1. Suppose we flag GluC sites (Glu not before Pro) only when DSSP calls them loop and at most 15 other Cβ atoms lie within 10 Å. Which is the longest uninterrupted stretch of the chain?
2. Per residue, how much space in cubic angstrom lies within the convex hull of the C-alpha atoms of region 149-241?
3. Just to confirm my numbers, what's the Cα centroid distance between region 45-81 and region 10-44 in Å?
4. Just to be sure I understand the rule: take each whole DSSP H helix in the chain, project its Cα atoms onto its long axis, keep it if the span is 15 Å or more and its mean Kyte-Doolittle hydropathy is at least 1.0. Which ones pass?
5. Suppose every Lys and Arg Cβ carries +1 and every Asp and Glu Cβ carries -1, with no other charges. What dipole size does the chain come out with about its Cα centre, to the nearest 20 debye?
6. What is the percent carbon and sulfur in the accessible area of region 135-262, measuring with a 1.4 Å probe over the protein chains and ignoring ligands?
7. Given the chain reduced to its alpha-carbon atoms as identical point scatterers, what log10 I(q)/I(0) does the Debye formula return at q = 0.09, 0.11, 0.14 Å⁻¹?
8. In Å², and per residue, what accessible area does the chain have when probed at 1.4 Å with the other protein chains present?
Amino acid sequence: MESISYPVFPVQCDIQVRQGDLGRNGAVSTVGMARWLEDARIRLKMPRFERLVGAGEFGPHQIILVSQSVEQLAPVYGTDADVQVHTGIRRIGRSSFTYQQAVFAGGERVGSGGATVLNLGPAGPLALPDELVADLSDLSVPDSSETAAARPDAERRQRDHYAFFAPLRARIGDVDINQHVNYLALATWYDEAVAAFTAAAIGEGGLVPDLSPSSYRIDYIGEVTYPGDYEIGVLVRSFDVDSVRYELGIFVGSTCLGIADAIGGRGVLSARSLGPGGPR
């Protein structure tokens, strides 16, 4: 059997699995795995940049999330699992950089993901200071085979691109320290939209089958705030015997605030419900 080689990540950290990370089937949910990736990114040390900021030698700025991805490769059950997240830097740009990550449980690779962040100042993107570039270079992933994801087409930001809409109201518990809806909370909104689509497709009330996505690629376009009423657009891009590929978008009126690609299980969803004549 041909062995699979993975890049060597410079930083590994242990993750404590929490009850809230688990989904309905007792295994970690995709959003739960995204929390692990976030935990690992927060723990990364960038000492040169931290000293620069601490000395007041770098002006007002924010490190904001532009996009993130997460993919489950195998299930992880229970809260006693031995989990590690491996993290490195895949790309360093002028004002942004990209993390590459892998999740291991019991020595087996069970997930992957990453995120791109932007260094933003009051007037727009700021060039990364030399100190930050040096820190990021120390964390670079050597010989990464992963390529940058293509930017979604402009049509994805158009409301009429989507065939089904699920209304959602922002909750106060979704708001984070930055006073907007947290990006992990937004991932649960996409889960909710897929569940609403599933319920409409099968035409049954009560608890819908657990067909939540096992992977997400999410792009953040605008700020989602509280209070607010929003709609999540859903389009089935393609499907096969086992899975459904979704295109998703968050809208307030005709304004798109975020888009996502997701892959979920097909389960009981019929070809008719997934086609052009499906739920509206």
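The values are calculated or read from the model by the stated rules, or taken from the named source; none is laboratory data. Computed from a predicted model, the values in this text were never measured in an experiment. Note that we place each Cβ from the backbone using ideal geometry, even for glycine, and neighbour counts take in every protein chain shown. In case anyone asks, the SASA skips ligands and DNA or RNA and just uses the protein heavy atoms, side chains included. Shrake-Rupley method; radii C 1.70, N 1.55, O 1.52, S 1.80 Å.
1. Numbers: sites that count: GLU2, GLU57, GLU146, GLU204, GLU223.
Counting only loop sites that pass the neighbour cut-off, the longest clear stretch is 58-145.
2. Working: hull volume 12.8 nm³, N = 93.
Given the Cα convex hull of region 149-241, per-residue volume reads 138 Å³.
3. 14
4. Details: long enough: 30-43 (20 Å, -0.32); 183-202 (29 Å, 1.08).
Within the chain the helices that satisfy the rule are 183-202.
5. Values: 24 positive and 34 negative charges, 91 e Å.
Magnitude of the dipole: close to 440 debye.
6. Details: 3130 of 6490 Å².
Ligands and nucleic acids excluded, carbon and sulfur give 48 percent.
7. Debye output, listed in q order: -0.46, -0.69, -1.10.
8. On the way: 14330 Å² over 280 residues.
Value returned for the chain: 51 Å² of accessible area per residue.
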